[in-house]
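Each remark here refers to the structure printed beneath this line.
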Amino acid sequence: YGTPIVTLEPGERKSARPRKVGMIFSGGQAPGGHNVAAGLFDALQALNPDNRLYGFLGGPSGLLDSAYKVLDSALVDAHRNTGGFDMIGSGRTKLESPEQFAKVAENCKRLEVDAIVVIGGDDSNTNACMLAEYFLQNDIGIQVVGCPKTIDGDLKNQQIQVSFGFDTATKVYSELIGNIQRDANSARKYWHFIKLMGRSASHIALECALQTHPNLALISEEVEGMESTLDDIVGQIASAVRERSEKGFNFGVALIPEGLIEFIPEMKALIAELNDLLAANDREFSAIAESERRIAFLSERLGSATAHVFDSLPAEIKLQLMMDRDPHGNVQVSRIETEKLLIVMVERKLEEWRDKGEFNGKFSAQSHFFGYEGRCAAPSNFDADYCYSLGYTAACLIAAGKTGYISSVRGLEKSADEWQAGGIPLTMTMNLERRKGRDVPVIRKALVDLASAPFATFVAHRELWRRETRFVYPGPIQYFGPAEVADRTTLTLQIEQQG
């Protein structure tokens with residue numbers, strides 16, 4: 001704690017002793033990861049041709065199992081500017097116990113690896129910080145440097161403008177949304193409900209809305225802030241359907257964040273109670289085979305308020321809420337078809353209005369989930385350059401003897417030759433949270449700031465987008481041509497810097 005922000009400045013080239021450096025990809029895939037490896041490799045070679053780079057296989061588990069491959073120029077060159085993490089793979093094993101740290105140290109010492117680069121999101125970089133702290137406390141002599149990765153865009157703060165992969169993923173999703181909007185505006189008979197990745201934050205949904213101008217885009221953070229009920233949200237969508245139908249527009253597009261269901265206060269309470277019930281009654285519940293009896297078992301044991309919400313849901317969604325929990329006991333929201341839930345409930349609402357003579361239009365809906373399509377795409381020019389710069393900077397931080405830092409490249413709204421490289425102490429990105437009865441340091445996920453300029457821009461236009469058909473069709477990612485076309489950043493970043 002208390003180490004300073006550092007920047008890279010022009011200086012004299014100095015000879016550097018040969019180093020052996022290890023790297024891992026940790027967590028979900030994000031476009032540009034291979035370019036981080038390329039930048040790291042090139043910088044190490046520039047510092048000393050005898051430097052060696054080890055890629056540990058399958059993420060953090062590779063460090064624990066000492067499973068690795070030596071990254072040479074042929075392997076690195078074959079993966080430059082490509083998507084995915086298939087060069088060495090990734091994994092979600094958490095490095096958080098002293099026993100794990102000791103095992104990593106033992107394996108690295110055997111290979112004479114004295115620096116590790118962790119390429120991951122907030123959890124992975126939290127683990128990187130704790131690993132660096134352990135090595136320092138025990139005078140082990142292994143440096144640890146992180147790189148900010150996640151397509152969700154929730155690893156950002158005053159020092160980190162954006163995590164890599166967000167630019168590419170949102171451009172891929174926006175192309176797909178634009179294609180669907182073109183179809184909707186051509187056929188003029190369907191409402192398309194599109195769920196987008198982003199469990200904890202709605203940055204992807206917001207950016208895609210700014211790029212494509214859909215008729216509706218729900219922002220989870222706003223839903224939670226307004227304490228909207230499920231019925232409120234259904235009413236909002238149904239009202240848009242009715243309003244557009246009255247203009248002769250029996251079609252539209254609605255964007256839905258993956259994690260929306262956990263931001264609806266009454267659904268959040270229901271999920272929390274279900275988590276506890278399933279944990280406390282695991283053996284008895286698992287012995288029940290029939291779906292209807294499973295539903296009844298839980299409904300009878302829920303509190304009155306949560307039982308009312310549970311009973312109002314379609315049977316298919318009830319069953320999805322009962323599915324196996326993740327290793328932390330949490331519901332796997334990506335497997336809950338929120339987009340289909342909303343379609344069913346909007347249909348119900350419209351039928352109620354039709355019976356009262358309050359709706360005479362047509363409503364037919366299609367559902368989509370865009371997630372994995374964007375995680376391993378070929379990186380945009382921005383992500384290709386940004387990732388290479390992050391990897392190169394990580395090597396420079398290692399050469400300067402730094403540990404417990406995350407590679408930083410700022411000024412990203414400018415052309416790449418004006419970017420500023422350096423390092424941010426990982427502790428500067430962390431805060432204390434209460435977990436399992438004790439305070440622990442973690443990197444806080446950055447949610448959509450409802451006071452931010454990008455959200456304000458969205459709010460200023462969404463009423464018009466809802467009433468009219470002002471769709472934008474971004475088309476595929478451009479890699480060649482004028483810089484303002486091929487090298488443009490996300491609208492979120494542009495608006496943030498203008499504000």
Check your understanding: Does the range 262-278 include one or more residues that are closer than 23 Å to residue 197 by Cβ and either outside any helix (DSSP H, G or I) or among the polar types (S, T, N, Q) (or both)?
Key -> yes
Point to revise | The lone exception for residue 402 - which of (1) open to solvent by 50 Å² or more (accessible area, probe 1.4 Å); (2) part of a loop (DSSP other than H, G, I, E, B); (3) touching a Lys or Arg at 6+ places or on another chain (Cβ under 7 Å) it fails | key: (3)
Study note, to complete from the structure: Filter the range 440-462 for residues that are touching an Asp or Glu at 6+ places or on another chain (Cβ under 7 Å) and part of a strand (DSSP E or B); the one that is modelled with the lowest pLDDT is 440
Check your understanding: In this structure, is residue 50 part of a loop (DSSP other than H, G, I, E, B) and either farther than 14 Å from residue 23 by Cβ or at pLDDT below 95 (or both)?
Key -> yes
Point to revise | Which listed residue, of 119, 151, is assigned to a loop (DSSP other than H, G, I, E, B) and either surrounded by 22 or more Cβ atoms within 10 Å (Cβ to Cβ) or in contact with a Pro (Cβ under 9 Å, 6 or more places away or on another chain) (or both) | key: 151
Revision key, fill the gap. Within the range 364-378, the residues that are out of contact with any strand residue (DSSP E or B) (no Cβ under 6 Å at 6 or more places or on another chain) and open to solvent by less than 40 Å² (accessible area, probe 1.4 Å) are 371, 374, 375, 377
Check your understanding: From the list 195, 189, which one is among the basic types (Lys, Arg), farther than 22 Å from residue 449 by Cβ, in contact with a helix residue (DSSP H, G or I) (Cβ under 6 Å, 6 or more places away or on another chain) and not in a helix (DSSP H, G or I)?
Key -> 195
Point to revise | Of all residues making up the range 1-44, the number that are closer than 25 Å to residue 199 by Cβ, aromatic (Phe, Trp, Tyr) and assigned to a loop (DSSP other than H, G, I, E, B) | key: 0
Review point. Under the condition of being more than 24 Å from the chain's Cα centre (by Cα) and hydroxyl-bearing (Ser, Thr, Tyr), which residue from the range 304-353 is least open to solvent (accessible area, probe 1.4 Å)?
Key: 306
Practice item. Give the residues of the range 349-365 that are in contact (Cβ under 8 Å) with a residue 24 or more places away in the chain and assigned to a helix (DSSP H, G or I), sorted by residue number. Key: 349, 350, 353
**Study point:** Filter result (of a type outside the set (Lys, Arg), within 21 Å of residue 431 (Cα to Cα) and touching a Ser or Thr at 6+ places or on another chain (Cβ under 9 Å)) within the range 136-157
**Key:** 136, 144, 145, 146, 147, 148, 150, 152, 153, 154, 155, 157
Check your understanding: If you check 184, 169, 209, which single one turns out to be at pLDDT 95 or above, of a type outside the set (Asp, Glu), in contact with a Gly (Cβ under 6 Å, 6 or more places away or on another chain) and not in a strand (DSSP E or B)?
Key -> 169
Practice item. Only residues that are open to solvent by 10 Å² or more (accessible area, probe 1.4 Å) and either out of contact with any strand residue (DSSP E or B) (no Cβ under 6 Å at 6 or more places or on another chain) or aromatic (Phe, Trp, Tyr) (or both): list them for the range 405-429, please. Key: 413, 414, 415, 416, 417, 418, 419, 427, 428
Check your understanding: For the range 196-217, how many residues are over 11 Å from residue 458 (Cα atoms) and open to solvent by 10 Å² or more (accessible area, probe 1.4 Å)?
Key -> 4
Check your understanding: Going by the conditions given, is residue 432 at pLDDT 95 or above, more than 30 Å from residue 14 (Cα to Cα) and open to solvent by 40 Å² or more (accessible area, probe 1.4 Å)?
Key -> no
Practice item. Go through (1) surrounded by fewer than 24 Cβ atoms within 10 Å (Cβ to Cβ); (2) out of contact with any helix residue (DSSP H, G or I) (no Cβ under 6 Å at 6 or more places or on another chain) and name the single condition residue 178 misses. Key: (2)
Check your understanding: Of the residues that make up the range 222-238, is at least one open to solvent by less than 10 Å² (accessible area, probe 1.4 Å), modelled with pLDDT of 95 or more, under 24 Å from the mean Cα position of the chain (by Cα) and farther than 18 Å from residue 345 by Cβ?
Key -> no
Study note, to complete from the structure: By residue number, the members of the range 59-98 that are part of a helix (DSSP H, G or I) and either open to solvent by less than 50 Å² (accessible area, probe 1.4 Å) or on the phi > 0 side of the Ramachandran plot (or both) are 60, 61, 62, 63, 64, 75, 76, 79
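The values are calculated or read from the model by the stated rules, or taken from the named source; none is laboratory data. Remember, predicted model here, so these are calculated numbers, not experimental data. All Cβ positions, glycine included, derive from the backbone under ideal geometry; neighbour counts span all protein chains shown. Heavy atoms of the whole protein, side chains included, go into the accessibility calculation; ligands, DNA and RNA do not. Shrake-Rupley method; radii C 1.70, N 1.55, O 1.52, S 1.80 Å.
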